[in-house]
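Notes follow the structure.
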Amino acid sequence: MTVPMISFTSHMAVALSEARAAAARGEVPVGAVIVAPDGRIVARAGNRTRETHDPTAHAEILAIRAACALAGSERLPGHDLYVTLEPCPMCAAAVSQARIARLYYGASDPKSGGVAHGPRIFHHPQSHHVPQVYGDIGAAASEDLLKTFFAGCRRRD
């Protein structure tokens with residue numbers, strides 16, 4: 001019996017585009033994309049915390065909100081999330097609550113991450129759903145974008 005090959009398409013380039021747009025708005029350059037089970041991009045966002053004066057307006061949260069609104073549901077089973085930076089604890093908890101199937105992230109975040117670092121949200125028994133997690137997808141591009149952004153911030157201080 002022959003097993004059909006499943007083609008994997010990374011959507012990290014689109015997430016990076018959202019991160020670049022966030023940087024252009026003066027936001028920390030993080031971008032996120034949600035992909036439906038059929039491969040369609042159903043939501044995309046970049047950070048908007050400064051613009052909206054909302055500490056919860058992280059790229060992941062905005063993308064999850066938009067995808068849930070489109071789906072007419074608070075859950076996104078079978079969906080994938082691509083994000084340029086390891087999600088913080090708040091965003092990791094939202095990923096779990098939304099029942100995202102797979103999480104792909106770019107740069108690791110030893111200081112503020114909540115998946116592979118810090119509280120490691122998906123390892124807690126209170127985490128009702130644990131997605132498949134794939135880190136370091138396009139990490140170099142994400143890291144370069146973040147380093148450039150923060151170097152510019154330091155020059156202005």
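Could you list all residues from segment 38-47 that are in contact (Cβ under 8 Å) with a residue 12 or more places away in the chain and either among the aliphatic types (A, V, I, L, M) or surrounded by fewer than 18 Cβ atoms within 10 Å (Cβ to Cβ) (or both)?
Correct list: Gly39, Ile41, Val42, Ala43, Ala45.
Confirm whether Thr84 is hydroxyl-bearing (Ser, Thr, Tyr) and surrounded by fewer than 24 Cβ atoms within 10 Å (Cβ to Cβ).
no
Within the set of pairs 6+ apart or on separate chains, which have a first residue in segment 5-33 that is on the phi > 0 side of the Ramachandran plot, a second that is at pLDDT below 95, and C-beta atoms under 9 Å apart?
Sorted first by the residue in segment 5-33, then by its partner, the list stays empty.
For segment 130-149, enumerate the residues that are in contact with a Pro (Cβ under 9 Å, 6 or more places away or on another chain) and open to solvent by less than 90 Å² (accessible area, probe 1.4 Å).
If the condition is that a residue be in contact with a Pro (Cβ under 9 Å, 6 or more places away or on another chain) and open to solvent by less than 90 Å² (accessible area, probe 1.4 Å), then Ser142, Leu145, Leu146, Phe149 are the ones that fit.
Could you list, in sequence order, the residues of segment 13-28 that are out of contact with any Asp or Glu (no Cβ under 9 Å at 6 or more places or on another chain) and not in a helix (DSSP H, G or I)?
Selection gives Val28 alone.
Hey, Asp109 hits all of (1) surrounded by fewer than 16 Cβ atoms within 10 Å (Cβ to Cβ); (2) under 21 Å from Pro55 (Cα atoms); (3) charged (D, E, K, R) but one; which does it fall short on?
Unmet condition: (1).
In segment 101-135, what residues are free of Cβ contacts under 8 Å to residues at least 40 places away in the same chain and part of a strand (DSSP E or B)?
Within segment 101-135, Arg102, Leu103, Tyr105, Ala107, Gln132, Val133, Tyr134 meet the criteria.
Go through (1) surrounded by fewer than 16 Cβ atoms within 10 Å (Cβ to Cβ); (2) in a helix (DSSP H, G or I); (3) of a type in the set (Asp, Glu) for Asp54 and report which single condition fails.
(2)
Give segment 106-157 a look and list any residue that's within 20 Å of Met12 (Cβ to Cβ) and charged (D, E, K, R), or say none.
Those that are within 20 Å of Met12 (Cβ to Cβ) and charged (D, E, K, R): Asp109, Asp136, Glu143, Asp144, Lys147.
The values are calculated or read from the model by the stated rules, or taken from the named source; none is laboratory data. From a predicted model like this one, the values you see are computed outputs, not experimental measurements. With ideal geometry, Cβ positions are generated from the backbone for all residues, glycine too; neighbour counts draw on all protein chains shown. Ligands, DNA and RNA are excluded from the accessible area calculation, which covers all protein heavy atoms including side chains. Shrake-Rupley method; radii C 1.70, N 1.55, O 1.52, S 1.80 Å.
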